[in-house]
Amino acid sequence: MLFLVAGCANPPEQAAEAPQPIFTMDPHSHARPQEARITHLALDLSVDMDKQEVSGTARYDIATAKDAGRIIFDTHGLTIEGVTTGDGLAAEYSLGDTSFLGRALEVKLPPDARTVTIAYRTGPGASALQWLAPQQTAGKQHPFLFTQGQAILTRTWIPIQDSPGIRFTYEARVKAPQGLMAVMSAENPTTVSADGSYTFKMEQPIPAYLIALAVGDLAFLPIGARTGVYAEPGMVEKAAWEFADMERMLESAEKLYGAYRWGRYDVIVLPPSFPFGGMENPRLTFATPTILAGDRSLTSLVAHELAHSWSGNLVTNATWNDFWLNEGFTVYFENRICEAVYGDEYARMLQLLGRQDLKSTITKLEASGHHADTHLRLHLEGRDPDEGMNDIAYEKGFALLKLLEEKAGREKFDAFLRGYFDAHAFRSMTTDDFLAYLEEKLLKPESIDLNIAEWVDGAGLPANAIEPQSDSFVKVEQEIARWVAGAPAKELATQGWTTFHWMHFLRHLPASMNPNQMKELDDAFAFTANGNAEVLSAWLEVCIRNDHDPAFERLDQFLTTVGRRKFLMPLYTELYKTEKGRVMAQSIYAAARPNYHSVSVRSLDDLLAWKDNRPPASF
Ligand code: BES
Ligand code: ZN
């Protein structure tokens, strides 16, 4: 009771005058959180599928330092229609210069302002939004919209303080076309509303890159008590079957690093143009349909996005330079979940595939002189953060944590990680903060001596990285050797091989093979007809390298239907190595580009030196 009285004596104005203690300077946001920051966002939006426009209002609760006088938002390509503060009084505002960071929106604040409301609409080039025509969906009947916020795209559909170090709660009212369902990274509906109106609530504070919205012809199926899946109606059963292990994953994750703090955990399977494998939007992971392999063999991706509910969404990289704190920890956690659910050998195969990716990324970055991009701590000032986000954060980050696990012993390391998540829950973390915490809680008490500076601020993979080992992969290599020595492909001992075995097999075939060998492999293992996107894309790379014509129709089809950047980049890169391939790449890209997401388009335009002044359909 006394507390309540004390609470009343302490008016909210006063609480609001004390902004959060320390904000790290974020080179990718115009916001000045020390002066004024948002603490809650209330969206009231309509989604116009015909005009391809989101419009409405965003109302913010704000906390300001004494005499702040202004608050700064990030915007990119938005039309600002008006700004009011408090009780509806028009506020003075101005928009800064445009750069790759968008434009700062500065709003003048009267002394006692506690809320700001911005009326706005999105522009035709909003990179966070992908508007899909019915033809680009599985059902082919209805349009579809999804958003992608990470890293700095949320500002293209909401005026926001778009820095991972600034957290706020949110609620939203979304008016979607009648008959379609809208879902967000929030508390979600499970049925279609009669008039297309939906309301959402995210009660845990999150950074702007984790706000997400999808609108389409969607259905929901539960998997466990806290887990379920959204997908187009024709795919939702397949998705629910594929992700049957989700509830077990969630339980395993909690056993490792503490309670799941977000209520439900669902996955939405998006149309194939989604540019990523998965995106860890809180409560609702956004996922590519290319993980629906039909045999549950690619669900480690769900373990990864689920793990972000701790590493990333609960303890968040303070800036994109600290991206490895999100992804490296998540790859480690993903591996532990997979070990618990699918066993040791599965986890080791996953580690080895990751290490292979890391080595090839390091080789490429070093060959092109980008040595600093192989550091864990990045220096992305002045660059689009997307350019520096590659396997290094994931796999070199993982390698460091694996080394720490070995040095400390698993039990101590698990206690350390659990303590780390608890101590910094709903906060952001810089690399320096982490290093100090690591020193204090693990290295010093356990007397661990480690070349941590080399790991964090040095190039390449340090010599003391532990090499993952897998007996299964040794066997795969033995079978390749037998084939190379003359054993017929059909007689290789491939019984019981999983997707991971085949990926390893395809990655380790001889660099050059003749048409007979290619045909023999395809006759024996039907790679060209394989429906597993990981196996197929690895095979198609081999086909391009060996100019294996019979697979090119399939390649064309794959590149025009799948928009996941991870598959597109290596295939187009391989095509670009020969004159014939270049011609093919240009013609496929010309046809496919309007259907790709802006994220993939940006990378591919660079790769293919694409010069086209016409904006693509998705821009
Ligand atoms: N958060 C990432 C996706 C991302 C990274 C989006 C950087 C924008 C900028 C997500 O968690 C992720 O890592 N996805 C991977 C899958 C994972 C299993 C490695 C992907 O999309 O391939
Ligand atoms: Zn991730």
Self-check item: Cα-derived Rg to Rh of the chain, Kirkwood definition
Solution: 0.97
Quiz item: Between LYS66 and ALA423, what FRET efficiency comes out of the Förster formula 1/(1 + (r/R0)^6) with R0 = 41 Å and r the beta carbon distance, rounded to 0.05?
Solution: 0.85
Quiz prompt | Sequence-separation-based contact order of the range 278-347, relative, with Cα cut under 8 Å and 6+ spacing, percent | solution = 25
Quiz item: Over the range 78-180, with a single point scatterer placed on each C-alpha, what log10 of the ratio I(q)/I(0) does the Debye formula yield at q = 0.10, 0.14, 0.25 1/Å?
Solution: -0.38, -0.70, -1.48
Practice problem: State, as an integer percentage, the relative contact order of the chain based on alpha-carbon contacts under 8 Å between residues 6 or more apart. | Solution: 11
Quiz item: By how many nm would the segment from GLU92 to GLU366 lengthen if fully extended, with 0.36 nm per residue of separation less the alpha-carbon distance?
Solution: 93.7 nm
Exercise. About the Cα centre of the chain, how large is the charge dipole given +1 on each Lys and Arg Cβ and -1 on each Asp and Glu Cβ? Please answer in debye to the nearest 20.
Key: 540
Exercise. Rank-order 255-262, 179-186, 81-88 by packing density, defined as the average count of other C-beta atoms within 10 Å over each peptide's residues, highest first.
Key: 179-186, 255-262, 81-88
Exercise. Take the range 3-217, compute every pairwise Cα distance, and split them into 5 Å bins from 0; I just need the percent in each bin.
Key: 1, 7, 15, 19, 19, 15, 10, 7, 4, 2, 1, 0, 0
Self-check item: Separation of alpha-carbon centers, the range 393-429 and the range 151-187, rounded to whole Å
Solution: 30
Quiz item: What ³J(HN,Hα) values, in whole Hz, does the Karplus curve 6.51 cos²θ - 1.76 cosθ + 1.60 give for the range 564-577 when θ = phi - 60°, with x put for Gly and Pro?
Solution: 6, 4, 4, 8, 5, 4, x, 5, 5, 4, 5, 4, 6, 7
Quiz item: What does the highest-first list of 546-558, 359-371 look like by mean Cβ count within 10 Å?
Solution: 546-558, 359-371
Exercise. In nm, give the distance between the simple-model label positions of GLU203 and THR578, each being 7 Å from the Cα along the Cα-to-Cβ direction.
Key: 6.0
Quiz item: Farthest toward the dipole's positive end in the range 464-619, which of SER598, THR573, PRO510, given Cβ charges of +1 (Lys, Arg) and -1 (Asp, Glu) about the Cα centre?
Solution: SER598
Exercise. Tell me the label-point distance for the pair GLU411, ASP384, using the 7 Å Cα-to-Cβ offset, in nm and rounded to one decimal.
Key: 5.0
Practice problem: Out of all DSSP beta bridges with both ends in the range 3-217, state the antiparallel percent to the nearest 5. | Solution: 90
Quiz item: So how much slack lies between ILE466 and SER512, counting 0.36 nm per residue of separation and subtracting their Cα-Cα distance, in nm?
Solution: 13.5 nm
Quiz prompt | Computed E for ALA481/GLN557 - FRET, C-beta separation, R0 30 angstrom, nearest 0.05 | solution = 0.35
Quiz prompt | lysines whose Cα lies under 26 Å from that of LYS201, excluding same-chain neighbours fewer than 8 positions away | solution = LYS175
Quiz item: Antiparallel DSSP bridges in the chain: what percent, to the nearest 5?
Solution: 75
Quiz item: Based on the inverse mean of 1/r over its pairs of different Cα atoms, what is the Kirkwood hydrodynamic radius of the range 478-619, in Å?
Solution: 16.1
Quiz item: What FRET efficiency, computed as 1/(1 + (r/R0)^6) with R0 = 60 Å and r the Cβ-Cβ distance, is obtained for GLU345 and ASP112, rounded to the nearest 0.05?
Solution: 0.45
Quiz item: Straight-line reach from LYS359: which aspartates and glutamates have Cα under 14 Å away, leaving out those fewer than 8 places along the same chain?
Solution: ASP373, ASP391, GLU395, GLU467
Quiz item: Ordered by packing density, taken as the mean number of other Cβ atoms within 10 Å over each peptide's residues, highest first, how do 237-247, 48-58 rank?
Solution: 237-247, 48-58
Quiz item: What lysines sit close enough to LYS444 to cross-link, taking a C-alpha to C-alpha distance under 17 Å and skipping anything fewer than 8 places away on the same chain?
Solution: LYS407, LYS412
Quiz prompt | Dimensionless Rg over Rh [the range 315-457; C-alpha; Kirkwood] | solution = 0.96
Quiz item: What distance in nm separates the simple spin-label points at GLU446 and PHE100, each placed 7 Å from Cα in the Cβ direction?
Solution: 3.8
Quiz item: Got a sec? How would THR285, THR24 order by Cβ neighbour count within 10 Å, fewest to most?
Solution: THR24, THR285
Practice problem: Would you mind pulling out the separation of the Cα centroids of the range 231-254 and the range 505-526, in Å? | Solution: 34
Quiz item: Under a 5 Å amide H to amide H cut-off, with H placed in plane at 1.01 Å, what residues pair with GLU171 once short-range neighbours are removed?
Solution: LEU41, ALA42, LEU43, MET202
Quiz item: If you average over every viewing direction, what projected area does the convex hull of the Cα atoms of the range 425-526 give, in nm²?
Solution: 11.4
Practice problem: Express the relative contact order of the range 315-457 as a whole percentage, based on alpha carbon pairs under 8 Å and six or more residues apart in sequence. | Solution: 37
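Bear in mind that the values in this text are calculations on the coordinates, not laboratory data. All values derive from a computational prediction rather than experimental measurement. Reconstructed Cβ throughout: ideal geometry from the backbone, glycine too, with neighbour counts over all protein chains shown.
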